[in-house]
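What follows is one structure encoded as structure tokens, with my remarks underneath.
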Amino acid sequence: MSIKSRNSHIALIALLLLVFGNACSTKKNTVATRTFHYITSKYNYFFNANQSYKNAELRANEQFTYNYTAQLPVLLVGKPQVTSLVGGDMDRTINKCTDLIRLHSITVKPERKRGAMTSKEKEFYNQNEYVLWAREAWLLIGKARIWKGAFPEAAQTFEYILLQFPNTPMWFESQVWLARISIINADFVAAADRLRDLSNNRKYPKGKHYAHLLNSTWAEYYQRLNQTDKMVPHLKKSLETAPDKQHRIRYTFLLAQVQQQNGNYAEASKLFSKVIRMSPVYELNFNARLQLASINARNGKGKDLKRQLVRMTRDEKNRDYLDQIYYTLAGIERGEGNMDGAIEYYKLSAQKSINNSNQKGLSYLALADYYFAKPNYQFAQSYYDSSYNALDDTHPEYLVLEVKTKNLNRLVENLNIIQLEDSLQRVAKMPFRERDNLIAQLIAKVRNEEQKAREAEQEDRNRFNQFQQNQMNRVSDQQQGTGWYFYNQSTLSYGQAEFRMRWGQRRLEDNWRRKNKRTMLPEDITVNPVAQTDTTGMPRKVIDNKSREFYLQDLPTTDSLLMVSNQRIEKAMLQVAEVYEKQLKDYNEAINAFERFVSRFPKSGYAPEVYYSIYQLASQQGKVSVAERNKQTLIASFPQSRQALMLTNPNFLEELAQRQREQELFYQKTFELYSSNKCIEALEEAKKGIELYKGSDIVPKLHLISALCTGKIGSLSAYRDALGQMGKLFPGTLEAKTANEYLALLRERELQLAQVSTISLPQAAVNQTKVEAKYAQPEGEHLFVAVIPKRSPINQLKFNVISFNVDYFLLINLNVSNRELNQSFDIILVEGFRKQDEAWQYYTKALTEKELMGTLNPSDYSLFIISRKNFQTLIEDKAVADYLKFFRTAYQ
């Protein structure tokens, strides 16, 4: 090669390197840089990101587990099950798009040409992003974030697109996805506003993709609101523009379900038949045939269909679908009026349901509704409870079912209490020999049932171990080279099937192993069947149901135990009637329950209220004779009760209101006296009102004023006692709570109260002019006392006192100890002073010793001397402040 040609070659290479080197930069906006980043971002990044996104969508459509007992979803995005299916691929999509934007986004403006720009040039120059695939990457990031369940982050991404890329197809698509996020978050007002604006916008992009995007979102919106009639036209348009066969099959099946729900059975039948012709997967095909059979049964083809369905139960391929077949057979029998046959099929459906907990829940729910309507509430409660535990919270009637289940649980729990207590009383009255024979029979029955349970458990364990071994072998064959367990969808599916086989359907919550958590003991409780007493010394419950004592321990064999048993029955019977009346609205049963109550407990304190309830309910139900009979009984048996007076005195309510106004005025007058520090007058008025208005609502308030007045004009101990009585006289009231707060504050500040002449508490003060004559004149043996707050460093303080004794009083044989005084204070005692003078000398010296009480604040402790006799009084009274008032008078 000549020198000239070689130089030309080198120059060409240098030129190419210079061009591509400059093209790699995102800081320059030229044709070369835009072309380079367009090509590189499309093929190196966006293609791979989009492929991961499509793979995830495909997996979601193929592996999503549909609940055929409810409407199929319009959209899969936003469903919790989908998040776990697509998470890995969507993360890869987001990472690829993020790298694309970071490495290939060009946001700098190109150089402007001289002269005026055309409108097209202006539009190009005003862009915020000059690489197409960087713009598309933002949209893909937003969609991937929704699929993986990161809704706030997805919303931020779409809002960014709206801000950066207006007047582009991306802008409209982002609006639709924001509407979908609002629907997922149940913000239906925002979703409707956004969708309505898009539907009315003439600039909305044309084409199947955008039409499907908008119409499928509208269909999802109306599905969430359960407005199936408005859902139909959008679902039909979604079907016309569906992107693939899987979507068309799902939309067709869903449209058939909607038409069936709307009562358009002919149209639903055509659509289910169309689904079958589309050759879907077996499960969907099976459910389409099942629904078609259900519709045809309405047209008088029940007998032929029943034979066909019974044949289907014998097909091995349908083993996993027996619950649905039996449920359909139950519906046919029910439609023909054969409820006994329907009940048997519903029970078979629940029994054969292994992996489909929603189908099991629907079978139980059908039985529950039937028994509830009879009514047979105890049977209904059992089935409602089972249905509630089987159905997931996406069922449209889930909240209603939850309330009804809780109400029936409360009803049956109280009915069981009544039955149990009646049985216990009946057994308690048996002769000893007859009772022992009964207990022996019960123990033998328990042993027999335990043996059967052990055999069944061993059989289940063997069967499960075999299933587990088979699954492990299958997973081992498929898992080779697939990486971590949770990245392999096949192993996950097997694991889910294994879990459901062993545990059934379980919600993600604490104590998921237990279906009925109301009966669960705390896990950290260890029951000792041998111990005879608990930590309080009370007899421990015997829990061994194969011992004679287990059956004897709850028998009401004494008068006091019989009284307690009757109290339980009384309370339970009252609650049963209230559930019938207030929760179940079954007024006839409520009347019967109330009548059973007064028949058994005619002298109960609740009897006037019960008679009045019967009177009101019977009047509402048009049972005039029942209402009149109970009215007369109420008036005759409880003439002075409020309920009787309401029936006999037409002016009773007006007079009652007048008395309430009178009481309120009396209370206001008494409170104003107290607020004006006229405590003696206020105390007298309070005592008068307590006698005058016995049983009224103002009595606790007057008692509180009386206690506060006692604090202002009496001693601290009297004040403390008055406050303490509030909790005993009026437990659970606001006034008792207020008194307890004052009492706690008084204990905390008792020493401070004693160290000054007058200290104010909130609405209470202590006047130190009156000291109760409970302490004797000091003489004889004395003690030195240091009162210190709880949690003080008592060992250090005792050491300080002992050191003080060694330094200054070594010749006196003194003993130092400590003990509790009350809930707020401990005391340090120095004993050994034979007479008052020795103790006084010690006390005066102690006051000058700054280190004696360590770091305690002087306002937090108190030092004094006391005679042996008065010390006993102080320990019993526990009122330090009262003694300190006496101390200042007697010693100083």
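The values are calculated or read from the model by the stated rules, or taken from the named source; none is laboratory data. The shown structure was predicted, so the numbers you read here are calculated from the model rather than taken from an experiment. Because the Cβ atoms are built from the backbone with ideal geometry, glycine has one as well, and the counts that use them run over all protein chains shown. All accessible areas refer to the heavy atoms of the entire protein, side chains included, with ligands and DNA or RNA removed. Shrake-Rupley method; radii C 1.70, N 1.55, O 1.52, S 1.80 Å.
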Rounded to whole Å and sorted largest first, list the principal axis extents of the Cα atoms in the stretch 44-146. 69, 27, 16
Could you look at the stretch 368-466 and say what percent of its accessible area is carbon and sulfur, using a 1.4 Å probe and all protein chains? 52 percent
Each residue of the stretch 587-598 in order: what ³J(HN,Hα) in whole Hz does its phi give by Karplus 6.51 cos²θ - 1.76 cosθ + 1.60, θ = phi - 60°, with x for Gly and Pro? 6, 5, 5, 5, 4, 4, 5, 5, 5, 4, 5, 6
Positive minus negative residues near Ser52 (Lys, Arg vs Asp, Glu; Cβ under 11 Å): +1
Filtered hits (aspartates and glutamates, Cα-Cα < 14 Å from Lys96, offset >= 8 within chain) -> Glu136
Rel. contact order, % - alpha carbon contacts under 8 angstrom, at least six apart, the stretch 791-865: 28 percent
Can you send over the carbon and sulfur percentage of the accessible area for the stretch 252-321, probe radius 1.4 Å, protein chains only? 43 percent
Could you check the spin-label model distance between Glu111 and Leu729? Points 7 Å from the Cα along Cα→Cβ, value in nm. 9.8 nm
Enumerate the amide H contacts of Ser862 below 5 Å, restricted to partners 5 or more residues apart or on another chain; note that Pro and chain-start residues carry no placed amide H. Val787
Tell me the carbon and sulfur percent of the accessible area for the stretch 39-90, rounded to whole percent, probe radius 1.4 Å. 52 percent
Once you compute Rg and the Kirkwood Rh from C-alpha atoms, what is the Rg to Rh ratio for the stretch 183-312? 1.06
Local net charge near Phe165, Cβ-Cβ under 12 Å (Lys/Arg +1, Asp/Glu -1): -3
Please list, ordered by chain and number, the residues whose modelled amide H lies under 5 Å from the amide H of Asn818; skip anything fewer than 5 residues away on the same chain. Leu829
The stretch 47-121: which trypsin sites (Lys or Arg not before Pro) are DSSP loop and have at most 11 other beta-carbon atoms within 10 angstrom? Arg112, Lys113, Arg114
The local net charge around Ala154, scoring Lys/Arg +1 and Asp/Glu -1 for residues other than Ala154 whose Cβ lies under 11 Å from its Cβ, equals +2
If I take every Cα pair under 8 Å that is 6 or more residues apart in the stretch 216-277, average their sequence separation and divide by the length, what percent do I get for the relative contact order? 25 percent
Sparsely packed trypsin sites (Lys or Arg not before Pro) within the stretch 340-443, loop by DSSP, other Cβ within 10 Å at most 15: Lys429
Output for the stretch 668-707: trypsin sites (Lys or Arg not before Pro) sitting in coil per DSSP, at most 10 other Cβ within 10 Å, listed by number, reads Lys694
How high is the relative contact order of the stretch 320-435, given as a whole-number percent (alpha carbon pairs under 8 Å, six or more residues apart)? 17 percent
Got a sec to turn the phi values of the stretch 446-455 into Karplus ³J(HN,Hα) couplings, 6.51 cos²θ - 1.76 cosθ + 1.60 with θ = phi - 60°, whole Hz, x for Gly and Pro? 4, 4, 5, 5, 5, 5, 5, 5, 5, 5
Cα centroids of the stretch 865-892 and the stretch 40-57: how far apart, whole angstrom? 89 Å
